[in-house]
Amino acid sequence: MNLSAPPRGTAISGNLLSRYPRWVYWVLFAAMAGPIGIILHELGHFLVAHAFGFPDVVLHFGSVSDGAAGAGAPQWQQGVKAGAGPFVTLVLLGICCGATVRFGAQPWIVAPGFALGIRSALVGLAYLGAHFRGTAGKADIDELNFARALGLSMDAVMAASTALVLVSWIFLALSIAPGNRLKSLMAAAAGTAVGLILYINWLGPWILP
């Protein structure tokens, strides 16, 4: 599958992206998408917590704290709040895949797709490692908290979440022209790493302590 040929409606973006080497834009858009994806993920938790009326809800750069447990909020509400962040991430990935079908494998679409999914992919790998060590049931992970609160299978929830991310990544990778694929993916990976390092160590604590 090759969606890299610019379809109708991409002339403007093509002109804008022709000024510098194309890999520069893969780095740039991935670097921006990583922090934005984290903020939107946490906003999912934050908005659901407010919708349920949880007390003391505070948005941090990498988490959302609240007093739901101490206030006796129902477990299912706490579970929905835990699942809201990963749900937002999956929706954003779906938007990237849909936009790729419509506009082609543009760096402003595909690079963010890889950056947005990195958290879920790493969580899936962490869960797999914890599963082998026999400590998976104790892990404090959004997907597991969601599964526990709603009485769902932790393995099934983690498998579904991770599989959706991996399938999205495969789709996005295959949409890139073979001759550009490796360079584009390496640039997106580099941009994701740079964006997350800057956000976690400096930008995030500064804007959302």
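Rounded to the nearest 10 degrees, the inclination of helix 178-198 to the longest alpha-carbon principal axis of the chain is 40 degrees. Against the chain, whose longest principal axis is taken from its Cα atoms, helix 22-51 shows a tilt of about 20°.
Rank by packing, highest mean first: peptides 70-78, 54-62, with packing defined as the count of other Cβ atoms within 10 Å averaged across residues.
Those peptides, ordered most packed to least, come out 54-62, 70-78.
Give me the percent of Cα-Cα pairs in the chain that sit more than 30 Å apart, rounded to a whole number. Roughly 28 percent, once rounded to a whole number.
When only alpha carbons are used to place a centre, the stretch 146-194 and the stretch 47-112 end up 17 Å from one another. Most tightly packed first, judged by the mean number of other beta-carbon atoms within 10 Å of their residues, the peptides 143-156, 79-92 read 79-92, 143-156. Among residues other than HIS50 with Cβ under 14 Å from its Cβ, the summed charge is -2 (Lys and Arg +1, Asp and Glu -1).
How far is helix 75-103 tilted, in degrees, relative to the longest principal axis of the Cα atoms in the chain, given as a value from 0 to 90 rounded to the nearest 10? Rounded to the nearest ten degrees, it is 10.
For the listed peptides 166-174, 43-51, 25-33, a ranking on the average number of other beta carbons within 10 Å per residue, highest first, reads 25-33, 43-51, 166-174.
Were the residues from TRP76 through LEU166 laid out at 0.36 nm apart, the gain over their Cα-Cα distance would be 29.6 nm. The stretch between THR135 and LEU182, if pulled fully straight at 0.36 nm per residue, gains 13.3 nm over its current Cα-Cα span.
State, as an integer percentage, the relative contact order of the chain based on alpha-carbon contacts under 8 Å between residues 6 or more apart.
34 percent
Read-outs throughout are calculated quantities, based only on the coordinates presented, and are distinct from any laboratory measurement. Just so you know, these numbers come straight off a predicted model, no measurement behind them. Neighbour counts are summed over all protein chains in view; Cβ atoms, including those assigned to glycine, are modelled from backbone coordinates with ideal geometry.
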